[in-house]
Every structure is written in C-alpha cells, then in structure tokens.
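Data first, discussion second: the structure below is written as structure tokens.
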Amino acid sequence: MKGFQVRTFIKGQVIFREDEAGEVAFVLTEGKVEIASRVEGRKKVLAVLEPVNVLGEMALVQEGGKRTATATCLEDCRLVGVTRESFQKFLEQSPPFISALVNVLVQRLRAATKLALRAANPVQSLLLNIHFLHRNGQTAIPLDDLCATMGCFLMQDPGELERKLAELAAEGWISIAGEAGKRTVSVADAGRLARFDNSCRASVGGRE
C-alpha cells in the first residue's frame, strides 16, 4: 500500500528500543519478534509475536510517546512500517464513515490508556481494558494475547496476569472459556464492570 514501507530485518536485529521516541508502527508478516523490557535492571521477556501481529501501534495515536519495550527479531523478519503521517493520510483518503469510526476508536483508546496508566494496580488496569474491548464489540478476547499486550503495557509477567485473570473469573467479573492456547475472556457482569469503569473515571477526573 502506498506510503506503507515493507522492511526486512535479520535475526538478532533490534526493531526499536525501550524509551526511544515512537513514530512508526509495524505489522509483522514473517518471522518472530521478542518483546522485552528492563525490570529492576534485568531483562524480562514479555511476549513473542508471530505473524500476523502488530507492534508499536501506540506510535500512531500517541504523539511524543516513548517505546515501553524493546523489539528484537528472533529470526529473519519482514514487517510493514506505518508512520503516523501515512496513517493520517490514509484516513483522510478513506470514506468519511471509516475516518469518523477510526477517530472515535482512537479517542476511546487514548482515554482508556490514560485511565489504565492511573489505575491503582494491575487488576484494575486489566478490568478497564477488558471493559474497553467489550464496549467496542470484542466479546471473546484471546487470553494469551491479552496477557502479552497488558504485560508490555504494565511491565508485568504475562503469567502473573493470567493468574490475576483466574482470580477475577472466580470473583465473577469475567468468564474464561476454551482449551489451553485457545482460551478467551469475556465479561460476566457488564453492569458491574460499567459501574467500576465509571467509578475509576470519576476518581481520575477528581485528581486532574
């Protein structure tokens, strides 16, 4: 697609580093990429991405933001780079309905990100992001993807987040279904989760 650059990386090459300014998002079409962060001075692997997957996507919607992790190729990779400028031009050339829809989703994502960053703990952040996905039509959220993504976002071990999800399921917040590797998370009590979300938003608003 015009304006989207196809790039190749060799095994061991760094795509982007933690704390760098983020200006480009990538779509992984071939190969494997390790997402890792430094936690208390030590490297912690947060996820291993395989095609088709997206990394560095916040660069498209969060101006001036820094990378929260380092992306390294575990094997030769092929990626499509999408700059914020190209993304905006693509939206401008799209039908008005598509542009409006994406802009609404971007605004919601920014709000959800801001709220999750201010959450008191990882459990609150998990609930807020599950609610965001649920509100936007994703009723069956892949558990492994959720843990990997939130692990990067919160600098938490995905295995620990998985255990927290199991606790939330036992408390009736969410439901977990499916076999290992194909499990999904869904909202068990939408009303309860909506009230929790509203309470968090009111709390954040009171601190601004």
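The values are calculated or read from the model by the stated rules, or taken from the named source; none is laboratory data. What you see is a predicted model; the values in this text were computed from it and never measured. Heads up, the Cβs are rebuilt from the backbone with ideal geometry, glycines too, and the neighbour counts pull from every protein chain shown.
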Being exposed (fewer than 15 other Cβ atoms within 10 Å of the Cβ) and either modelled with pLDDT under 90 or not polar (S, T, N, Q) (or both) is true for just one of Ala148, Ala177, Ala112. Which residue is that?
Ala177
Could you list, in sequence order, the residues of segment 147-192 that are under 24 Å from Arg38 (Cα atoms) and either acidic (Asp, Glu) or not in a helix (DSSP H, G or I) (or both)?
Met155, Gln156, Asp157, Glu160, Glu162
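Within segment 16-40, which residues are more than 22 Å from Arg84 (Cα to Cα) and of a type outside the set (S, T, N, Q)? Show your work before the answer.
The first filter runs over segment 16-40 and keeps only residues more than 22 Å from Arg84 (Cα to Cα), leaving 30-32, 34, 36-40.
Listed by number, the residues that qualify are Glu30, Gly31, Lys32, Glu34, Ala36, Arg38, Val39, Glu40.
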Of the conditions (1) modelled with pLDDT of 75 or more; (2) exposed (fewer than 14 other Cβ atoms within 10 Å of the Cβ), Lys2 fails just one. Which one is it?
(1)
Any idea which residue in segment 180-194 is farthest from His134 (Cα to Cα), counting only those that are out of contact with any Gly (no Cβ under 7 Å at 6 or more places or on another chain) and surrounded by 11 or more Cβ atoms within 10 Å (Cβ to Cβ)?
Arg183
